[in-house]
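Structure first, then comments.
The values are calculated or read from the model by the stated rules, or taken from the named source; none is laboratory data. Treat the numbers as computed from the prediction; the structure is a model and nothing was measured. Glycine gets a Cβ as well: all are built from the backbone with ideal geometry, and neighbour counts include every protein chain shown. Note: accessible area is taken over every heavy atom of the protein model, side chains too, but ligands, DNA and RNA are not part of it. Shrake-Rupley method; radii C 1.70, N 1.55, O 1.52, S 1.80 Å.
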Amino acid sequence: MAAPVSVQKTEEEWRVILSPEQFRILREKGTESRGTGEYDKFYEEGVYNCAGCSTPLYKSTTKFNSGCGWPAFYEGFPGAINRFPDPDGRRTEITCAACGGHLGHVFKGEGFQVPTDERHCVNSVSVKFLPANSAAP
């Protein structure tokens, strides 16, 4: 069971700090269109933080080209991401452990040559990239 989120805001507070598209995806569990995200084909060195609460989620060194049309990572920072099986049993939702924001889904056993055999399929709008020269962890 995932720990309770530590960043709690009302729906109206989220609407003030997030763009309409960020709110749709992070708070309403939407999905951006395939191949349209800012970070899909982006491979600079740094850290990807939650766009809602700025919690560090992924190192750029864990990002890989899966060809799926969304940014793909093989693992996040320890404890930064919660997992919840979708009701249909076919996918597992991933959320920011700090604020509960929807990131995307994680898939296992797809045969990618990555250390975890996992693909975290993340909406670009759910994360904000910090270049290595300004990133904390």
- [ ] Test each condition in (1) modelled with pLDDT of 95 or more; (2) over 16 Å from HIS120 (Cα atoms); (3) open to solvent by less than 70 Å² (accessible area, probe 1.4 Å) for SER60 and report the one that comes out false.
- [x] (2)
TODO: Could you list, in sequence order, all residues of the range 78-104 that are assigned to a loop (DSSP other than H, G, I, E, B) and under 22 Å from ARG27 (Cβ atoms)?
DONE: GLY79, ALA80, ASP86, PRO87, ASP88, ARG91, ALA97, ALA98, CYS99, GLY100, GLY101
TODO: Filter the range 36-54 for residues that are of a type in the set (S, T, N, Q) and closer than 16 Å to SER134 by Cβ and give the result.
DONE: ASN49, SER54
Open item on the list: Can you list residue pairs whose Cβ atoms sit under 6 Å apart, with the first residue in the range 106-124 being over 13 Å from SER66 (Cβ atoms) and the second being open to solvent by less than 20 Å² (accessible area, probe 1.4 Å) and among the basic types (Lys, Arg)? Count only pairs 6 or more apart in sequence or on different chains.
Closed with: none
Task: Candidate set from the range 13-30 (those that are open to solvent by 50 Å² or more (accessible area, probe 1.4 Å) and hydrophobic (A, V, I, L, M, F, W, C)); member that is farthest from GLY111 (Cα to Cα) - done: VAL16
Open item on the list: Any residue at all in the range 31-39 that's open to solvent by 20 Å² or more (accessible area, probe 1.4 Å), closer than 17 Å to GLY101 by Cα, touching a Gly at 6+ places or on another chain (Cβ under 8 Å) and not in a loop (DSSP other than H, G, I, E, B)?
Closed with: no
